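Novice: Let me give you the structure first, and then I'll get to my questions.
The values are calculated or read from the model by the stated rules, or taken from the named source; none is laboratory data. Here the structure is a predicted model, which is why all the values come from computation and not from measurement. FYI the Cβ positions are ideal-geometry reconstructions off the backbone, even for glycines, and counts take in every protein chain you see. For the accessible areas, the whole protein counts, side chains as well, though only heavy atoms, and no ligand, DNA or RNA atoms are used. Shrake-Rupley method; radii C 1.70, N 1.55, O 1.52, S 1.80 Å.
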Amino acid sequence: MKQWNEKCAVVGTYNVDNAALKSYYALFAMQHRGQEASGISSSDGKKIYTHKGNGLVTKVFNEKNLKKLLGKISIGHNRYSTAGKESLDDAQPLFARYNLGEISIVHNGNLTNADFIRSQLIEAGAIFQSYLDTENLIHLIAQNKKEKLLDRIIDSIKVIDGAYALIFLSRRKMFAIRDPYGLRPLCLGKITNEDGSIGYITASESCAFDLVGAEYIREVNPGEMLIFEGIGEKIVTLTSLQVLPPRPYPCVFEFIYFARPDSKVFGKNVYEVRKNLGKELAKEYKIPADMVIPVPDSGVAAAIGFAKESGIDFELGIIRNHYVGRTFIEPTQSARELKVRLKLNPIAELIKDKEIIVIDDSIVRGTTSKQIIKILKIAGAKKVHLLISSPQTISPCYYGVDTPNSNELICATHSLEEVRKFIEADTLGFLSLEGLKRSIGTTHHNFCQACFDKNYVDDYTKGKK
Ligand code: SF4
């Protein structure tokens, strides 16, 4: 069940038929990464067109406004606010006119030195239109005196720190860049147009490629910039520049919770990794039980892996209602129970008098886990053992994920036994950090797991332990 708020999603298409429509489908596929606002900018080589609005992709776009987004280049964004406020000013793409022409930007992540850069820019006379950290880039590019946009972008990237998967659109070119840590995912795909010409797509998750018939090529490397150019000419070109030295540290939580299971992120299939998390959990906790059930949907793949490894039957003991929109519930104890019950309901006939292992992806405040255990016990469960397919979350994220402060994270403030008692589980267990690493398999790089071990990678966050 959703306990963390996802980051944003970005997409860019270059030399693609119906580019804006392709971005629309890609954003639709990545709706899970942000539901507050959505937007697309496109270019026909002469002018950039932008449409954005608050709400889901299907609410923001319709046939009429998509038709106005002309051209074969486009960038798009789904927003979940991690920086800035919730007004439309803070929705992306961010569009601006400046002395080289027009530019539009989409960003997934969080710039950790944004306040420092912003105060310097304001000191130098910049006037900001939004609260977005991304707007710093518009000003850095506009104030730069170099002749080429490429050089201005490179200079700007060199002064920002933190997490970013960025796509810039000018009237004729597109630039995709990933931070040197590769904290946020970004992958590259190829689209074959109807006339046989080749176009490109870059997106946060590869599930976006499937919907538009794109072929996965690879992930954009940490610190790498991809330059797409030549629109309107015989052949478009794709150039790779390593603009910053790579220091790979991608977010491990993409595997645990954020990314869609049908996506490939950091070069690995998310579903397979999630099943491995469950298998490792089963190796670490040998508990006799009648069945293993997932907390839907986030615990499903890990529960399948757990059942396979342990030999205990997998059952869908809790059914999720997918149609719960906004609920208007008072923050009382009984109302909180109702909130969980609106979304999740156990199958009492299955659960009654049974000893159950429940698998979930993480524990944040502990209140949801407590309610889930309560509804299972009310349904007649004899014992409920809660196992979590990640280590204990003890520290917030500064890289574009909306997490509570440390003092609200129950595992940061309470011992394991205190948490177990609070949620009223018969057993409570978390996957070890070693088990997490084993689940991902042999890797060519380390992963950020700072919310579990406080090892933040960037210079601005290192001190915030
Ligand atoms: S702190 Fe946690 S959520 Fe944030 S980037 Fe690192 S692993 Fe991901």
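Novice: If you take the residues of segment 400-415 that are out of contact with any helix residue (DSSP H, G or I) (no Cβ under 8 Å at 6 or more places or on another chain) and surrounded by 21 or more Cβ atoms within 10 Å (Cβ to Cβ), which of them is modelled with the lowest pLDDT?
Specialist: The selected residue is 400.
Novice: Exactly one of (1) open to solvent by less than 10 Å² (accessible area, probe 1.4 Å); (2) modelled with pLDDT of 95 or more; (3) of a type in the set (A, V, I, L, M) is unmet by residue 132. Its number?
Specialist: Single failed check for residue 132: (2).
Novice: Of all the residues that make up segment 378-401, how many are more than 10 Å from the ligand (Cβ to nearest atom) and either within 30 Å of residue 178 (Cα to Cα) or among the acidic types (Asp, Glu) (or both)?
Specialist: Residues that pass the stated criteria total 4.
Novice: Restricting attention to strands (runs of 3 or more DSSP E) lying wholly within segment 34-109, give those where 1 or more residues are open to solvent by 20 Å² or more (accessible area, probe 1.4 Å), farther than 17 Å from residue 167 by Cα and assigned by TED's automatic domain parsing to the domain that holds residue 174.
Specialist: In segment 34-109, the matching strands (runs of 3 or more DSSP E) lie at 48-54, 94-98.
Novice: Taking segment 385-420 on its own, how many of its residues are part of a loop (DSSP other than H, G, I, E, B) and more than 19 Å from residue 358 (Cα to Cα)?
Specialist: Result for segment 385-420: 14.
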